[in-house]
Amino acid sequence: MPVRGAAPPRGTEQRAPRPSSADADATQAMPVRDPRRPVRPQQNAQASYPQNPRPQHARAAAAGAQGARRDPDRTQQFQAGGAPASDRPRRPGPDDTQRLPVGGRPVRSGGRGSSGPPPQRPGYGGGDGTPAPRRRRRWLKWVLVPLLIVAVWLGALVWAANSAWNNVTKVDALPTSERPAAGKGHNYVLVGSDSRAGLTSEEAKRLGTGGSGIEGQRTDSIMVLHLPDSGSPTLVSLPRDSWVEVPGHRKNKINASYSLGGPKLLIETVEKATNLRIDGYMEIGFGGFANVVDAVGGVRMCLDKPMKDDKAHIDLPAGCQNLDGKNALGYVRARYSDPLGDLGRVKRQREFLSALMSKVSSPSNLLVPWNLKGVGESGAQGLAVDKDMGPITALKVAWALKNVTSGGQSVQVPVSNAAYPTYAGEAVLWDDTKATALFDALRGDQSPNVHP
């Protein structure tokens, strides 16, 4: 029995085999690589992929060259079989290589020397969830820029309206004593006069108004516009030859009151004849009327038959046509070519005034600052209002005139005799019963059902 720790008997120890002569020759035949010479790849060598997959960094380089457009921050990973790895997270294997950013330094997950999880990519609001400053500035830009544009646009509209309103003539038109009691709604007297104010000799000749040196003013048309507290407006024409009582004077044609005492006596005469309390006054002359028509590009009217009137300086064919300022002025003034005389003229005046206000109050004129300024200044040259009327009230009147043709009423005071003989020539005599019913309905803010 051998003793532990004793040496083996002589002749029984195992000796390492000596190298044979063939091995020695093979060892001596192996060439020694010169470290100064680069290693050339073997041309006939074939990769044993997928049995011997490429390293991770090589696959990442290939994936970056072929599919970098899909995601520049990630490389495509493969399993051992060559198929793409599942999207399911997995533990890093021994073949995983560390991804290096541009610059060659490894990305640290935490502070110096820390080994925490890799950092997450920041979202829209950064790591702490606060909105990014650039996105906040973009949101403010989309809100503040439209508000600034609207503010500038509204300021331009106000400037255009004030610029035109400052050129309007203010007159003392409303009486202060012996007036009817106020009823429901509001009433405004609208007057078209033959005023040549602001017209040159050439313009007066072109419009056929008889020259700019004619003295005095007369009313070519008189209307009462009733604005109810609720409901549609009503426009009532008062023929200028109406035979009425003129305060402080004897009976006369209603337009004579304007010649005798101006706008104030005219308002007193209208209040006495209608028993309506008048709340405002607007007057437009020949020049302002024609300029407004030209400023809006004319007004389209349809004539049932041709109209030729030498005194009104018009010669219009039958059918629908666009009337410019000169022809429009002749259209509303002509009465000798109309079989109905003054009654036919006041009917045309109501129709044309409604059409004109529809054109003036269109969005292209009211909402475009430079168009509003042009139309307003054109009409302001011959426009006169009472001194207590403001631009908002004037706009309400214009808007009501537009609505007369779309739901409102446009009527004429009932007449019993259109050729009533007087010392001042033939006059228009009202039907007292029907006229009283008409004005009583307006005073009570009711829709009139009385027609001439």
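Once you order the gyration tensor axes a ≥ b ≥ c over the Cα atoms, which shape class does region 264-381 get: rounded for a/c under 1.5, otherwise prolate or oblate by comparing a/b with b/c?
In terms of gyration-tensor shape, oblate.
Cα to Cα, under 20 Å, and not fewer than 8 places away if on the same chain: which lysines meet these conditions relative to residue 253?
Leaving aside lysines fewer than 8 places away in the same chain, those within reach of residue 253 are 264, 272, 347, 434.
Kindly write out, for region 289-296 in residue order, the coupling ³J(HN,Hα) from the Karplus curve 6.51 cos²θ - 1.76 cosθ + 1.60 (θ = phi - 60°), rounded to whole Hz, with x marking Gly and Pro.
Those phi angles translate into 4, 5, 5, 5, 4, 5, 5, 8 Hz.
Going by how many other beta carbons lie within 10 Å of each one, how would you line up 249, 226, 313, fewest first?
249, 313, 226
Using the Cα centre of region 169-443 as the reference point, and only Cβ charges (+1 on K/R, -1 on D/E), how large is the resulting charge dipole? Debye, rounded to the nearest 20.
Computed charge dipole of region 169-443: roughly 240 debye.
Using R₀ = 56 Å, calculate the FRET efficiency as 1/(1 + (r/R₀)^6) where r is the Cβ-Cβ separation of residue 441 and residue 142; round to 0.05.
Between residue 441 and residue 142 the formula returns 0.55.
For a quick check: sort 352, 289 by the number of other beta carbons within 10 angstrom, fewest at the front.
352, 289
For the residues 303, 147, what sequence is obtained by ranking on other C-beta atoms within 10 Å, fewest first?
In increasing order of surrounding Cβ atoms, one gets 147, 303.
Give the calculated FRET efficiency between residue 320 and residue 249 to the nearest 0.05, with a Förster radius of 41 Å applied to their Cβ-Cβ distance.
The computed FRET efficiency comes out at 0.40.
With both partners inside region 169-443, how many of the DSSP beta bridges are antiparallel, as a percent to the nearest 5?
The antiparallel fraction comes to roughly 70 percent.
No value in this document is a laboratory result; all are computed from the given coordinates. Predicted, not measured: the structure shown is a model, and the values here were computed from it. So basically every Cβ, Gly included, is an ideal-geometry build from the backbone, and we count neighbours across all protein chains shown.
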